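*Asks:* Below are the structure tokens for one structure; questions will follow.
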Amino acid sequence: MKKTILIITALTFMLWSCVEEDYFGKSQYGYINTIEVINQSGAASIMRDSLLVTVEIPGGVDLTAISIEKIEISSFAQSNKIQGDILNLENDDTIVVTAEDGSVYNWTIRAFVASETPQLDNWQLNDWYMTATNYYEPGTDAETTIWGTGNQGTQILNILATIPEDLGNDNLAAKMMTMDNGSLAGTFGAPISAGSLFTGYFDPDNIDLSDPEAAIEFGTPFSGRPLKIRFKYSYVPGEENKDRDGNHLSYGDACDIYALLEIRQGGEVQRLGTAWFRSDETQNEFITQEIDFTYGELDSSFPAYMYPENNNYVTPDVADFGLPTHITFVASSSFDGASFAGAIDSILIIDDIELVYE
């Protein structure tokens with residue numbers, strides 16, 4: 001029975017997630033949807049109308065040998081470049097994408113020197129776009145945003161646990177709420193949805209109602225070495241903190257807000273820097289919070305939840321001088337929401353997520 005419900009739910013999700021590339025006959029689309037290259041800083045800018053991709057590369061990097069780390073193109077199209085191929089970005093390079101119907105698209109790939117003190121795109125969280133299924137997500141549009149939420153997984157239950165919050169004077173923030181999924185979802189071990197905001201994207205091909213994080217690809221390209229992360233927040237935990245089986249827990253709910261600097265190469269992820277804030281205290285009014293980045297291995301004075309899986313850190317020399325390839329930022333209204341534990345009506349509001357360099 002459970003398997004049947006999961007299959008029906010997944011099929012429903014896929015039907016609701018139809019995009020403009022649905023068609024009858026051979027597809028004419030030859031888009032580059034996603035591209036990441038080695039040493040890239042920030043998300044690539046992909047301009048479909050002009051067939052132009054621009055990527056930020058830190059100063060001092062050899063632009064003549066830039067390898068493609070990831071590339072995703074339109075369904076049924078083919079590209080003359082794949083993952084692992086080399087681009088020469090000392091000048092503009094070209095990727096040729098051929099659509100299923102034979103249409104040829106010559107994409108220009110252009111590099112420019114990245115800032116030494118980069119910020120996250122839309123770090124003030126003032127930009128939100130309307131999705132095809134009529135709810136808001138952070139960013140200017142789905143193609144360029146570095147931000148994701150869990151809404152794509154919960155909207156099939158008519159639940160939106162992360163929404164824009166109007167603070168007045170044209171200032172928006174992200175409001176995350178821990179919500180009741182209803183009795184049916186609770187029967188199958190998914191009683192709540194915790195509001196979340198993260199760098200990365202939601203992959204509907206990996207949706208799994210038993211594991212909220214299975215469909216999330218965390219992180220975005222990044223190459224700075226910030227000293228701290230600064231943000232504004234308020235938090236009110238819900239009254240009854242419960243596990244996924246509905247049992248009352250002996251401790252209260254808490255918000256989670258953290259940033260991880262990572263070096264990703266050859267399919268391996270190594271932790272370079274860690275900044276983590278977890279709090280169960282009620283904070284009704286907005287305050288500014290700063291958290292230091294700790295570079296390299298975390299010692300025993302740090303709580304275990306801050307450690308990377310398998311204690312996979314960079315080497316000490318890289319910790320001292322290395323640049324990350326990615327940053328993962330996550331905020332949630334319930335710290336254990338991925339395990340369906342939390343207090344209904346926990347509310348976290350966050351704004352102005354700033355990286356501090358001096």
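*Asks:* I need the phi-derived Karplus couplings for the range 183-200: 6.51 cos²θ - 1.76 cosθ + 1.60, θ = phi - 60°, integer Hz, Gly and Pro marked x.
*Replies:* My calculation for the range 183-200 gives 5, 5, 4, x, 4, 9, x, 10, x, 9, 10, 8, x, 8, 9, 8, 7, x Hz in order.
*Asks:* Something else now. With springs only between Cα atoms under 10 Å apart, run a GNM on the chain and tell me which of 300, 79, 234 wobbles the most.
*Replies:* So, out of 300, 79, 234, the one fluctuating most is 300.
*Asks:* Could you give the nm distance between label points at residue 116 and residue 287, where each point is 7 Å from its Cα heading toward the beta carbon?
*Replies:* Using points 7 Å along Cα→Cβ, the separation is 3.5 nm.
*Asks:* Using a 1.4 angstrom probe, figure out how much accessible area the chain has per residue, in square angstrom, rounded to the nearest whole.
*Replies:* Numbers: 17750 Å² over 358 residues.
Per-residue value: 50 Å².
*Asks:* On a 32 Å Cα-Cα criterion, which of the cross-link pairs 175/242; 26/70; 70/228; 175/228 come out too long?
*Replies:* Beyond 32 Å between Cα atoms: no listed pair.
*Asks:* Given a Förster radius of 51 Å and the C-beta distance between residue 143 and residue 299 as r, what FRET efficiency does 1/(1 + (r/R0)^6) yield to the nearest 0.05?
*Replies:* Plugging the Cβ-Cβ distance into 1/(1 + (r/R0)^6) gives 0.75.
*Asks:* As a test of the formula, what do you get for the chain when each DSSP H run with n ≥ 4 contributes -39,500 (n - 2.57) and the sum is divided by the residue count, at 222 nm and rounded to the nearest 500 deg cm²/dmol?
*Replies:* Mean residue ellipticity, 222 nm, calculated: -2000 deg cm²/dmol.
*Asks:* Could you work out, for the range 40-115, what percent of all Cα-Cα pairs fall into each 5 Å distance bin, beginning at 0 Å and stopping at the bin that holds the largest distance?
*Replies:* For the range 40-115, the binned pair fractions read 3, 15, 26, 28, 16, 8, 3, 1, 0 percent.
*Asks:* From a point 7 Å beyond the Cα of residue 265 in the direction of its Cβ, which residues of the range 31-46 have a backbone N at a distance under 18 Å?
*Replies:* 36-42
*Asks:* Okay, next question. When Lys and Arg each count +1 and Asp and Glu each count -1, what net charge do the other residues less than 13 Å away from residue 50, Cβ to Cβ, add up to?
*Replies:* Summing Lys/Arg as +1 and Asp/Glu as -1 gives 0.
*Asks:* So if each residue of separation counts as 0.36 nm, and I subtract the Cα-Cα distance between residue 135 and residue 48, what length gain in nm does that give? The partial results should precede the final answer.
*Replies:* Numbers: separation 87, 0.36 × 87 = 31.32 nm, distance 2.37 nm.
Contour length minus Cα-Cα distance gives 29.0 nm.
*Asks:* Moving to a separate point now. Give me the percent of accessible area attributable to carbon and sulfur for the range 48-204, probe 1.4 angstrom.
*Replies:* Values: 3470 of 7490 Å².
About 46 percent, which is the carbon plus sulfur part of the accessible surface.
*Asks:* Hey, if we sort 315, 154 by accessible area with the 1.4 Å probe, largest down, what's the order?
*Replies:* 315, 154
*Asks:* Ordering 286, 112, 329 from largest to smallest accessible area (1.4 angstrom probe), what's the sequence?
*Replies:* Order by accessible area, largest first: 112, 286, 329.
*Asks:* When Lys and Arg each count +1 and Asp and Glu each count -1, what net charge do the other residues less than 14 Å away from residue 179, Cβ to Cβ, add up to?
*Replies:* Cβ neighbours under 14 Å give a net charge of -2.
*Asks:* Most fluctuating residue of 32, 263, 82 in a GNM of the chain with Cα springs under 10 Å: which is it?
*Replies:* Result: 82 has the largest fluctuation of those listed.
*Asks:* When the Kirkwood hydrodynamic radius is evaluated over all pairs of different C-alpha atoms of the chain, what value in angstrom, to one decimal, is obtained?
*Replies:* Answer for the chain: a Kirkwood hydrodynamic radius of 21.7 Å.
*Asks:* Counting other Cβ atoms within 10 Å of each Cβ, which chymotrypsin sites (Phe, Trp or Tyr not before Pro) in the range 21-110 have at most 13 and sit in a DSSP loop?
*Replies:* Qualifying residues, ordered by number: 23, 24.
*Asks:* Where a ≥ b ≥ c are the square roots of the eigenvalues of the C-alpha gyration tensor, would you call the range 143-302 rounded, which needs a/c under 1.5, or, failing that, prolate if a/b is larger than b/c, or oblate?
*Replies:* Cα axes put the range 143-302 in the rounded bin.
The values are calculated or read from the model by the stated rules, or taken from the named source; none is laboratory data. These numbers come from a predicted model, not from an experiment. As a convention, Cβ positions derive from the backbone with ideal geometry for all residues, glycine included, and neighbour counts pool all protein chains shown. With ligands, DNA and RNA removed, areas are computed over all heavy atoms of the protein, side chains included. Shrake-Rupley method; radii C 1.70, N 1.55, O 1.52, S 1.80 Å.
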